[in-house]
Amino acid sequence: MQLAKVLGSVVTTQKDPSLASLTLLVLQPLDSDRKAVGRQLVAVDSVGAGVGEEVFFVLGKEASFPFLPKRVATDSCVVGIIDHWSVSKIGKSTR
Amino acid sequence: MQLARVIGTVVSTQKNLHLEGAKLLLVQPIDERGVFFGKATLAVDAVGSGVGERVLVVNEGRAAGEIFQKRIAPVDSAIIGIVDEITFVGK
């Protein structure tokens, strides 16, 4: 799982039927010091996250698990909204 | 599996119901000498590890999900061991 910030949402009309009524969010993956790392991506939302919130998301087949038994065509899904996180000195000192 | 060091903790109230009760830790990959590389990711803890410890992390869904046994949890990364010692033939 990775940390990310929700930058926005995506609206599509014509899409796979399994994605109907699901929210698509634009995510920017974050490092532990809130620095943006890597490329932005689009993920399905399963927890009601909104723009500006810090979330964590899963990649791969597991991204479709929150919607079971419905099969959803996705490889990335937001599975939690983060209240806060803390990084110890060990994590900061060697950066 | 990936060697990593636990560098922090994450608190999340609103999350997928299959993740309830799971301990979420921030892990940073390390090489055999303990030097950080790559970016920090989030992993579910299955072995009771804590901040500062060296751990083994699986980054594949099937293996990571095993820690929840039959529950179908949306997890792609889990801590499955605490490293006591690493022995390698150095240059």
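The values are calculated or read from the model by the stated rules, or taken from the named source; none is laboratory data. All of these numbers come straight from a predicted model, not from anything done at the bench. So basically every Cβ, Gly included, is an ideal-geometry build from the backbone, and we count neighbours across all protein chains shown.
Out of curiosity, is A:VAL51 assigned to a loop (DSSP other than H, G, I, E, B), surrounded by fewer than 19 Cβ atoms within 10 Å (Cβ to Cβ), at pLDDT 90 or above and in contact with a Gly (Cβ under 8 Å, 6 or more places away or on another chain)?
yes
If a residue has to be more than 13 Å from the chain's Cα centre (by Cα), hydrophobic (A, V, I, L, M, F, W, C) and closer than 23 Å to B:VAL58 by Cα to count, how many in the stretch A:13-69 make the cut?
So the answer is 2.
Looking only at the stretch A:37-48, which residues are within 27 Å of A:LYS15 (Cβ to Cβ) and either surrounded by 12 or more Cβ atoms within 10 Å (Cβ to Cβ) or within 11 Å of chain B (Cβ to nearest Cβ) (or both)?
A:GLY38, A:GLN40, A:LEU41, A:VAL42, A:ALA43, A:VAL44, A:ASP45, A:SER46, A:VAL47, A:GLY48 - these are the residues of the stretch A:37-48 that are within 27 Å of A:LYS15 (Cβ to Cβ) and either surrounded by 12 or more Cβ atoms within 10 Å (Cβ to Cβ) or within 11 Å of chain B (Cβ to nearest Cβ) (or both).
In the stretch B:3-43, what residues are within 7 Å of chain A (Cβ to nearest Cβ) and surrounded by fewer than 17 Cβ atoms within 10 Å (Cβ to Cβ)?
B:VAL11, B:THR13, B:GLN14, B:LYS39
Please verify whether the stretch A:24-32 includes one or more residues that are crowded, with 16+ Cβ neighbours inside 10 Å, under 18 Å from A:GLU62 (Cβ atoms), touching a Gly at 6+ places or on another chain (Cβ under 9 Å) and without any contact (Cβ under 8 Å) to a residue 40 or more places away in the chain.
Looking for residues that are crowded, with 16+ Cβ neighbours inside 10 Å, under 18 Å from A:GLU62 (Cβ atoms), touching a Gly at 6+ places or on another chain (Cβ under 9 Å) and without any contact (Cβ under 8 Å) to a residue 40 or more places away in the chain, one finds at least one in the stretch A:24-32, hence yes.
If you go through the stretch A:54-83 one residue at a time, how many are among the small types (Gly, Ala, Ser), outside any strand (DSSP E or B) and more than 7 Å from chain B (Cβ to nearest Cβ)?
Counting residues in the stretch A:54-83 that are among the small types (Gly, Ala, Ser), outside any strand (DSSP E or B) and more than 7 Å from chain B (Cβ to nearest Cβ) gives 2.
Could we say that A:SER86 is within 7 Å of chain B (Cβ to nearest Cβ), in a loop (DSSP other than H, G, I, E, B) and among the polar types (S, T, N, Q) here?
no
Answer yes or no as to whether A:LEU3 is in contact (Cβ under 8 Å) with a residue 40 or more places away in the chain, more than 11 Å from chain B (Cβ to nearest Cβ) and part of a strand (DSSP E or B).
So A:LEU3 fails the test.
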